[in-house]
Amino acid sequence: MALERTFSIIKPDATNRNLTGAINAVFEKAGLRIVAQKRVRMTREQAETFYAVHKERPFFGELVEFMISAPVVVQVLEGENAVAKHREVMGATNPANAAEGTVRKLYALSVGENSVHGSDSLDNAKIEIAQFFSGNEIVG
Ligand code: RTP
Ligand code: MG
């Protein structure tokens, strides 16, 4: 087992509904430690860069508009197998397919407004963390 760090976003649909604490409770209960956290309003450029891998997808424009529509909470989570554990507790992208007890089953509104983001690999976690945090903002 390896101690990992992953990058997490609590998305606008969740911050709008005041769910930051409720979602953090799910993460902490799963053994993920919040080692960095800040509330930010993403710029359009930040959102486009962050989701550049989805640039050609039909939902790209909608996704960027959504991510800049309200504040988000960006986080670094640390724990054993943090990348996989975080994705497990987030649940499937589409809440209709998400398992009981997962964040998306509990809180997501739709496949687009699905409350949370989590890195999909350790390599992407490192890239995504560096887009939002400097080293001295992360306290393990
Ligand atoms: P995320 O990157 O946000 O953690 O979510 P994910 O890996 O589960 O999903 P991904 O395929 O990477 O898609 C990124 C985000 O785009 C939005 N989306 N909308 N309207 C649609 O069909 C659709 N499909 C994806 C979601 O907000 C998804 O989380
Ligand atoms: Mg993804």
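The values are calculated or read from the model by the stated rules, or taken from the named source; none is laboratory data. All values reported here derive from a predicted model rather than from experimental measurement. Heads up, the Cβs are rebuilt from the backbone with ideal geometry, glycines too, and the neighbour counts pull from every protein chain shown. Protein only, heavy atoms only, side chains kept; ligands, DNA and RNA dropped before computing areas. Shrake-Rupley method; radii C 1.70, N 1.55, O 1.52, S 1.80 Å.
Take each peptide in 24-33, 71-80, count the other Cβ atoms within 10 Å of every residue, and average; sorted highest first, the result is 71-80, 24-33. Around the Cα centre of the chain, unit charges on the Cβ atoms of Lys, Arg, Asp and Glu (plus for the first two, minus for the last two) sum to a dipole of about 280 debye.
The Cα center of region 1-66 and the Cα center of region 94-140 differ in position by 5 Å. Here is how the number arises for the chain: DSSP H runs of 4 or more residues each give -39500 (n - 2.57), the sum is divided by the residue count, and the result at 222 nm is -10500 deg cm²/dmol. Think of the chain as having a plus end and a minus end, set by charges on the Cβ of Lys, Arg, Asp and Glu; of S119, H54, M42, M42 sits farthest toward the positive end of this dipole.
Solvent-accessible surface of the chain, taken per residue with a 1.4 Å probe and all protein chains present: 52 Å². Would the chain count as rounded, prolate or oblate if I go by the C-alpha gyration tensor, calling it rounded below 1.5 in a/c and otherwise prolate when a/b exceeds b/c, oblate otherwise? Rounded is the answer for the chain, as its axis ratio a/c remains below 1.5. Here region 2-140 exposes an accessible surface that is 50 percent carbon and sulfur, computed with a 1.4 Å probe and the other protein chains kept in place. The string of couplings for region 87-96 from the Karplus curve (6.51, -1.76, 1.60, θ = phi - 60°) is 5, 5, 6, 5, x, 4, 3, 8, x, 5 Hz, one whole number per residue in order, with x for Gly and Pro.
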